[in-house]
1. State whether one or more residues within region 57-74 are within 16 Å of ligand 2 (Cβ to nearest atom), under 29 Å from LYS5 (Cβ atoms) and either modelled with pLDDT under 95 or surrounded by 14 or more Cβ atoms within 10 Å (Cβ to Cβ) (or both).
2. Residues in region 49-62: is at least one β-branched (Val, Ile, Thr) and more than 9 Å from ligand 1 (Cβ to nearest atom)?
3. Identify, by number, the condition in (1) modelled with pLDDT of 95 or more; (2) aromatic (Phe, Trp, Tyr); (3) within 16 Å of ligand 1 (Cβ to nearest atom) that TYR89 doesn't meet.
4. For ALA80, state whether it is surrounded by 13 or more Cβ atoms within 10 Å (Cβ to Cβ) and within 16 Å of ligand 2 (Cβ to nearest atom).
Amino acid sequence: MTTEKPPRLELKHASKSFGRVRALGDGSLQLRAGEVHALLGENGAGKSTLVKLLAGVYQPDTGELLVDGVARTFANPAEARDAGLAVIYQEPTLFADLSIAENIYMGRQPRDRLGRIR
Ligand SMILES: Nc1ncnc2c1ncn2[C@@H]1O[C@H](COP(=O)(O)OP(=O)(O)OP(=O)(O)O)[C@@H](O)[C@H]1O
Ligand SMILES: [Mg+2]
């Protein structure tokens with residue numbers, strides 16, 4: 001019997017294809033609290049695709065995603081974020097005509113009782 005906690009985040013044998021392009025073949029990853037990992041691979045190896053599966057941008061064709069040992073599916077990045085998964089992208093999209101504060105809070109703007117952006 002084991003009392004060891006499950007990883008905080010685990011990807012098991014995930015694959016993802018776009019049409020005939022197999023972006024990720026068999027991606028597995030375990031992350032435990034306090035760990036720092038580097039994901040290395042040549043251009044086109046599938047690193048960004050793997051991260052996007054964790055972030056809810058894509059859904060895996062096969063395989064499983066577990067958070068604290070519980071299988072999860074994220075329909076979109078907001079659901080992944082609500083589960084505590086945040087991604088800082090290398091090339092973030094900025095809205096040049098919005099303020100810095102508006103850019104920072106994009107998608108999670110503080111709202112009043114009526115749902116209007118404060
Ligand atoms: N939306 C997509 N549609 C079609 N093919 C895609 C798509 N996204 C990724 N691919 C292809 O899947 C493979 C993996 O791409 P991915 O961007 O995950 O690699 P990467 O390891 O992040 O590469 P890089 O080091 O260049 O950032 C590549 O061959 C890429 O061209
Ligand atoms: Mg990439």
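The values are calculated or read from the model by the stated rules, or taken from the named source; none is laboratory data. Because the structure is a prediction, the values reported are computed rather than measured. Glycine gets a Cβ as well: all are built from the backbone with ideal geometry, and neighbour counts include every protein chain shown.
1. Of the residues in region 57-74, the ones within 16 Å of ligand 2 (Cβ to nearest atom) are 57-58.
Among the residues that remain, those that are also under 29 Å from LYS5 (Cβ atoms) are: 57-58.
If we keep only those that are either modelled with pLDDT under 95 or surrounded by 14 or more Cβ atoms within 10 Å (Cβ to Cβ) (or both) too, we end up with 57-58.
Yes: one or more hits.
2. We begin by selecting, within region 49-62, every residue β-branched (Val, Ile, Thr); these are 49, 51, 57, 62.
If we keep only those that are more than 9 Å from ligand 1 (Cβ to nearest atom) as well, we get 57, 62.
Yes, that holds for at least one residue.
3. In the conditions (1) modelled with pLDDT of 95 or more; (2) aromatic (Phe, Trp, Tyr); (3) within 16 Å of ligand 1 (Cβ to nearest atom), TYR89 misses (1) alone.
4. On the way: surrounded by 13 or more Cβ atoms within 10 Å (Cβ to Cβ): yes; within 16 Å of ligand 2 (Cβ to nearest atom): no.
No, not satisfied.
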